[in-house]
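Here it is: the structure, laid out below.
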Amino acid sequence: MNSDRTRMPRRLALFAPFLLGACAGAGAGVDLPQTPPPPDAVLSPGLYAIGPGTPVDGTLRMTLQRGAGTARGVLQTNAQTFRFTISGLSVQDGAPARATVTGRVFGLQRTSDFAGTYRDVGGVASDLGAALRLGNDNLVLIELRSAPPGLALGVPPAGATVTLMP
């Protein structure tokens, strides 16, 4: 028995450099970004993919007026209501003077993540009634629906800016 006890440490000593090297190198090949993407970076629509059964984090409702550059709306999330403005969202010519737009919000971890610049991320909407899919740099996705249905909504290439109101 004594001979086994004296051999064990030697066996471990022979393999220790390999074991330590494997543990130290486990995370060495992973390069994580150190800074956020630049504001003009084009985000991939794949970042905004949602699967069946993805929970809705909030709902919104706003009224657009033809010719107005800014619309006001209400976000409801976690049993709370927040007012916001959005500038840059447009309706196609020939639209009614006022149109109600509703939407579902996904990926909202904090209310502050809702504010920011939203761009058209395209892709397939999770339901057939969604007219436009917008995503921001915080990976928040908004699927908008209009009333009347079929109203053409759009955003410029620079995006639409959402600001939370106090």
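The values are calculated or read from the model by the stated rules, or taken from the named source; none is laboratory data. No experiment lies behind these values; they were computed from the predicted model shown. Cβ sites come from the backbone with ideal geometry, for glycine too, and all protein chains shown count toward neighbours. Heads up: the accessible areas ignore ligands, DNA and RNA and are worked out on the full protein's heavy atoms, side chains in. Shrake-Rupley method; radii C 1.70, N 1.55, O 1.52, S 1.80 Å.
Say each of residue 165 and residue 112 gets a label point 7 Å from the Cα, pointing the same way as Cα to Cβ; how far apart are those two points in nm?
Placing both labels 7 Å along Cα→Cβ, they lie 2.2 nm apart.
I'd like the FRET efficiency for residue 80 and residue 139, computed as 1/(1 + (r/R0)^6) with the beta carbon distance as r and R0 of 25 Å, rounded to 0.05.
0.75
Related question: Could you order 144, 139 by accessible surface area, starting with the largest, using a probe radius of 1.4 Å?
139, 144
Now, a different point. Given R₀ = 25 Å, what would the calculated FRET efficiency be for residue 100 paired with residue 158, taking r from the Cβ atoms and rounding to 0.05?
That pair, residue 100 with residue 158, gives E of 0.50.
Right, something else. Using a 1.4 Å probe on the protein heavy atoms only, what accessible surface does residue 70 show? Give it in Å² to the nearest 10.
Accessible area of residue 70: about 80 Å².
Students sometimes get this wrong: rank 62, 165 by accessible area, probe 1.4 Å, all chains present, largest first.
165, 62
Now, a different point. Top to bottom by accessible area (1.4 Å), largest first, where do 50, 142 land?
Solvent-accessible surface, decreasing: 50, 142.
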